[in-house]
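Any read-out appearing in this document is the output of simple, stated calculations on the displayed coordinates, not a laboratory observation. These figures come from a predicted structure and were not determined experimentally. Reconstructed Cβ throughout: ideal geometry from the backbone, glycine too, with neighbour counts over all protein chains shown.
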Amino acid sequence: MAADRDGDDAELLERLAMAKKLLQRAVVEGEIEPGVAAAACAELAGEYAAMFAAERGLLPGPVLDEVARLTRRRGAAVHHALAPGAPIGHGRDASRANGLEH
């Protein structure tokens, strides 16, 4: 059973990597706006997180909450790297993006 999960996880990671490449290419080629690509990535992350939870018999809420937290943190870090000196996030997540986790 663990081998099946490993295969499923590898397939999922492969599908996510392909989706990322396709979205990046569409942005570079000007076919879609970066904001639309970001929304598509967030939607994919939510769908795959829900599938992951369902396949493992987990409650979806905590898994989706964790994905959202990690997405916000990663987004804030990327924003900061692209725009040094710009404010990062808001509220509690701002301190996490600076590496000051509670």
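The residues of region 8-27 that are among the hydrophobic types (A, V, I, L, M, F, W, C) and either surrounded by 11 or more Cβ atoms within 10 Å (Cβ to Cβ) or within 15 Å of the chain's Cα centre (by Cα) (or both), listed by number, are LEU12, LEU13, LEU16, ALA17, MET18, ALA19, LEU22, LEU23, ALA26, VAL27.
Determine, yes or no, whether GLU31 is farther than 18 Å from GLU66 by Cα and not polar (S, T, N, Q). Here the answer is yes, as GLU31 does meet what is asked. Residue count for region 13-32 under the criterion of being part of a loop (DSSP other than H, G, I, E, B) and closer than 15 Å to GLU47 by Cβ: the result is 0.
Reported count of residues in region 53-75, each being within 19 Å of LEU12 (Cα to Cα), more than 14 Å from the chain's Cα centre (by Cα) and in a helix (DSSP H, G or I), is 4.
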